[in-house]
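My questions all concern the structure below.
What follows is calculated from the coordinates using simple rules that are stated; it is not laboratory data. This one's a predicted model, so the numbers in the text were calculated from it and none came from an experiment. Using ideal geometry, Cβ is built from the backbone for each residue, glycine included, and neighbour counts are taken over all protein chains shown.
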Ligand code: SAM
């Protein structure tokens, strides 16, 4: 059953068990996959639920084009939320981060512009990042599509996300305790339901940014003795969290 094609939909596409496909989804299901009336596929409906849907008509067609048949029982989400604050790397680096970290289980991406960020993202970039998150969530059998927020300044990004949970800022220099050691030392039964982690741009964080983050409760951590690229660091950080949190 899981072999059926999966597509993620927005809540407003569903009304009374009937599905209103976008032109792009109709093209994909009808022209690319050549699905016909009566064929089935899976929808990921945004609140963590998967459904089997059946085409009511041959595509393209006016709506509704499909109806929900039955819920699919699935549990692929991590037991905690991971919020990733990333100072945007150069060029298309953030695309790779969104792709890999969606596969790993991140629930929210907060792109930030810090002192040494070079990229000035356009609104097309944001649309593209969201499309990549949707495709990666479909491909990796996630129950939800992670949220990608509009880029904000580093200060706003960390202050807005100053929550009572474990908050870490990754820094390659300064002999900080390793992220894995920090996570291992959390007592069993006290595993947080949310972890926020921040990684810097190619030029790194400024000392003032590290101090600002520490001032509002972020703990600086190391990801190991080697300096990782700005694209590698968030993927490694999230992998380390997942490796410790997900026991099965
Ligand atoms: N130019 C910086 C330097 O020489 O220290 C390196 C910045 S690194 C390319 C980009 C970001 O990845 C850093 O700001 C940090 O957040 C993260 N990072 C890279 N290696 C790390 C490590 N070993 N431990 C913790 N964070 C690391």
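Say each of residue 12 and residue 27 gets a label point 7 Å from the Cα, pointing the same way as Cα to Cβ; how far apart are those two points in nm?
My value for the distance between the label points is 2.1 nm.
Then there is this: How large, in Å, is segment 157-222 by the Kirkwood hydrodynamic radius built from its alpha-carbon pairs? Display every interim value, and only then the final one.
Working: mean 1/r = 0.0801 Å⁻¹.
The answer is 12.5 Å.
Express in nm, to one decimal, how much length is gained between residue 70 and residue 211 on full extension, taking 0.36 nm for each residue of separation and deducting their alpha carbon distance.
Details: separation 141, 0.36 × 141 = 50.76 nm, distance 5.16 nm.
Full extension of this stretch gives 45.6 nm more.
Tell me, what is the Rg over Rh of segment 122-165, with Rh the Kirkwood radius over Cα pairs? Before the final figure, lay out the partial values.
Working: Rg = 13.1 Å, Rh = 12.1 Å.
When Rh is taken as the Kirkwood radius, the ratio is 1.08.
Using only the alpha carbons, work out the radius of gyration and Dmax of segment 94-136 in angstrom.
10.8, 31
Starting from a Cα-only point model with no solvent, please compute log10 I(q)/I(0) by Debye for segment 102-190 at q = 0.14, 0.20, 0.23, 0.26 1/Å.
Treating every Cα as an identical point scatterer, log10 I(q)/I(0) equals -0.72, -1.18, -1.22, -1.24.
Over all directions, average the projected area of the Cα convex hull of segment 14-74 and note it in nm². Could the numbers behind the result be given before it?
Details: hull surface 15.8 nm².
The directionally averaged projection comes out at 3.9 nm².
Note the full-extension length gain between residue 40 and residue 127 as 0.36 nm times their separation in residues minus their Cα-Cα distance, in nm to one decimal.
Working: separation 87, 0.36 × 87 = 31.32 nm, distance 2.82 nm.
Length difference between fully extended and current span is 28.5 nm.
Of all DSSP beta bridges located in the chain, what percent are antiparallel, nearest 5? The partial results should precede the final answer.
On the way: 15 of 41 bridges.
Approximately 35 percent, going by the DSSP bridge assignments.
Turning to a different aspect of this structure: What does a probe at residue 153 reach in segment 169-210, counting residues whose amide N is under 18 Å from the point 7 Å along Cα→Cβ?
What the label zone holds, given the 18 Å backbone N cut-off, is 201, 205-210.
What number in nm² do you get for the chain if you take the convex hull of its Cα atoms and divide its surface by four?
Directional mean of the projected Cα hull area for the chain stands at 14.5 nm².
Calculate how steeply helix 232-245 sits against the longest principal axis of the alpha-carbon atoms of the chain, using the helix alpha-carbon long axis, and give the answer as 0 to 90 degrees to the nearest 10.
Helix 232-245 sits at roughly 80 degrees to that axis.
What whole-number distance in Å separates the alpha-carbon centres of segment 42-72 and segment 118-141?
That distance is 23 Å.
While we're on this one: Most exposed first by the Cβ proxy, i.e. fewest other Cβ within 10 Å, how do 98, 118, 86 rank? Provide the component values of the computation, followed by the final result.
On the way: 98 26, 118 13, 86 29.
Lowest count first: 118, 98, 86.
Mind checking the angle between helix 93-104 and the chain's longest principal axis? C-alpha axes, 0 to 90 degrees, to the nearest 10.
The two axes meet at around 70 degrees.
Relative to the longest principal Cα axis of the chain, at what angle does helix 123-139 sit, 0 to 90 degrees, rounded to 10?
The angle comes out near 70 degrees.
With no solvent and one equal point scatterer placed on each C-alpha of segment 130-248, evaluate the Debye formula and give log10 I(q)/I(0) for q = 0.11, 0.12, 0.13, 0.14 Å⁻¹, two decimals.
For segment 130-248, the Cα-only Debye profile gives -0.40, -0.48, -0.57, -0.67.
While we're on this one: Taking every pair of alpha-carbon atoms in segment 1-125, give the share separated by more than 17 Å as a whole percent. Don't skip to the end; give the middle numbers.
Numbers: 5013 of 7750 pairs.
The calculated P(r) of segment 1-125 puts 65 percent of pairs beyond 17 Å.
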